[in-house]
Amino acid sequence: MRKSIVSWSVLSCLLVCVSTAPVLAAATGEKSPEAPKATAAEATAPEAKVEEQPPLEKVPTFALTTTTGETFDLQSRKGQTLTAVVFFATWSPKSEKVLSILAKTKEKYGDKGFDIIAINAESEEPPAGFATTLADYLTKVEINYTVALDAGLATFSAWSIKALPSIALLNAGLEQLYFTAGAPTSFEPTFTKEVEKGLGIFKEEVSEETAPTRYHAAKPQTRGFAISLKLTQRGRATKGLKKINKVIKDDPNFPDAHVLRAMILLSLKKMTEEDFKSAGGSVDKALELDPNLPMAMIAKAGFILSDGETTKAIELVRNALGKSAWGFFKKPGEEEAKEIMAKLDKAASLPPESEEAMVGVGEVVEEFLVLRKKTKVKMKTQ
């Protein structure tokens, strides 16, 4: 077949992507009601194991009436950075705790694109006067977000909820990033971390005990790395490649060198199919040596995108942006990181197999991997 060389962003236009939607995880917690309302004994009983939920092919959408009489459509959140969906009931003691935590989280991160929709799953037929009971309950919890009523528990059933409360985090494409049920004791710190990761603002705590261990190459190798990078940036990629190959020969455990080698290969004017495969191998080797090296993760996202897996590529770049230690590569500033996240959010809000989504992610990857403004990162495709 005829072969051509194109940039990451252009290549993404040519791919056919099969999207794998996330599924809701199983958890332990308070069993969801089958009767119209749980008894006092059931509501205060110790935590019970719940049956594992069957995997969902996609996150079910819904349009429900809110406590103010308006209609909330989940599709209205598409394109917005992060949405929490929480199922709760007034008879569930842990629901009150979770709703309060969510209110504090909304107050802290609401201006960064985080919002919440709480769904009351009280029973199929709430008792008379329940509207007043619910209003008093929400006032007590100091709710600052939308609450909807799941009449007949249709949405509850569509989501295959097995325990209350149940909480899911959805990205801009309404794909699930996180799910938990039953409000385990670690819920608040874990949920906060997941929200920050979803917003692209999570920062790893760095201490002597937890600091990422970055490989420290010897001075001749770090100098060789710098020379190779400078040669390539000045348009002498062939010489830059020769230099980095020597660095790797002298120190094969230097992960940053393997990433730079891949970047140079992808920038060659006359890149061959063998060069492309070799670049992929260099990225894999870098991740084998250091799975948390951000630039290696981003380069890997490019190869994943070339296989048509847009959603996975987006999440890998997002995870890379959340890393604190970037090795010998420059970490984006706060404003630049926000701009990148905005581009990823836009791509995530589109169908993953769409040309626009793949081009958007490809452009983000290319901005990271390009070593010289006048060149483009290229891929070989059939």
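Brief remarks follow.
- Checking the stated criteria, Asp256 turns out not to satisfy the condition of being out of contact with any Cys (no Cβ under 6 Å at 6 or more places or on another chain), charged (D, E, K, R) and surrounded by fewer than 23 Cβ atoms within 10 Å (Cβ to Cβ).
- Residue identified as over 17 Å from Phe202 (Cβ atoms) and either crowded, with 21+ Cβ neighbours inside 10 Å or within 19 Å of the chain's Cα centre (by Cα) (or both) among Lys312, Lys331, Lys277: Lys312
- Residues located in the stretch 321-363, provided they are in contact with a Leu (Cβ under 8 Å, 6 or more places away or on another chain) and assigned to a helix (DSSP H, G or I): Ala337, Ile340, Met341, Glu356, Ala357, Met358, Gly360, Val361, Gly362
- Taken over the stretch 188-201, the criterion of being on the phi < 0 side of the Ramachandran plot and buried (at least 22 other Cβ atoms within 10 Å of the Cβ) is satisfied by Val195, Gly198.
- Residue in the stretch 202-223 that is modelled with the highest pLDDT, counting only those that are of a type in the set (A, V, I, L, M, F, W, C) and surrounded by fewer than 17 Cβ atoms within 10 Å (Cβ to Cβ): Ala218
- Selection from the stretch 303-323 of residues that are more than 23 Å from Ser278 (Cβ to Cβ) and among the aliphatic types (A, V, I, L, M): Ile314, Leu321
- Selected residue (only one of Ala296, Ala237, Ala226, Ala286 is surrounded by fewer than 21 Cβ atoms within 10 Å (Cβ to Cβ) and small (Gly, Ala, Ser)): Ala226
- Members of the stretch 100-135 found to be touching an Asp or Glu at 6+ places or on another chain (Cβ under 9 Å), assigned to a helix (DSSP H, G or I) and of a type in the set (A, V, I, L, M), listed by number: Ile101, Ala103, Leu134
- The lone criterion from (1) at pLDDT 90 or above; (2) assigned to a helix (DSSP H, G or I); (3) surrounded by 13 or more Cβ atoms within 10 Å (Cβ to Cβ) left unmet by Gln75 is number (3).
- Selection within the stretch 345-371: residues that are within 17 Å of Ile304 (Cβ to Cβ) and small (Gly, Ala, Ser). The member of this set that is surrounded by the fewest Cβ atoms within 10 Å (Cβ to Cβ) is Ser354.
- Lone unmet requirement of (1) touching a residue at least 40 places away in the same chain (Cβ under 8 Å); (2) out of contact with any helix residue (DSSP H, G or I) (no Cβ under 7 Å at 6 or more places or on another chain) for Ser267: (2)
- Residue in the stretch 136-187 that is surrounded by the fewest Cβ atoms within 10 Å (Cβ to Cβ), counting only those that are among the acidic types (Asp, Glu) and either touching a residue at least 12 places away in the same chain (Cβ under 8 Å) or in a loop (DSSP other than H, G, I, E, B) (or both): Glu142
The values are calculated or read from the model by the stated rules, or taken from the named source; none is laboratory data. Keep in mind that what you see is a predicted model, and the values were worked out from it rather than measured. We place every Cβ from the backbone using ideal geometry, glycine too, and count neighbours over all the protein chains shown.
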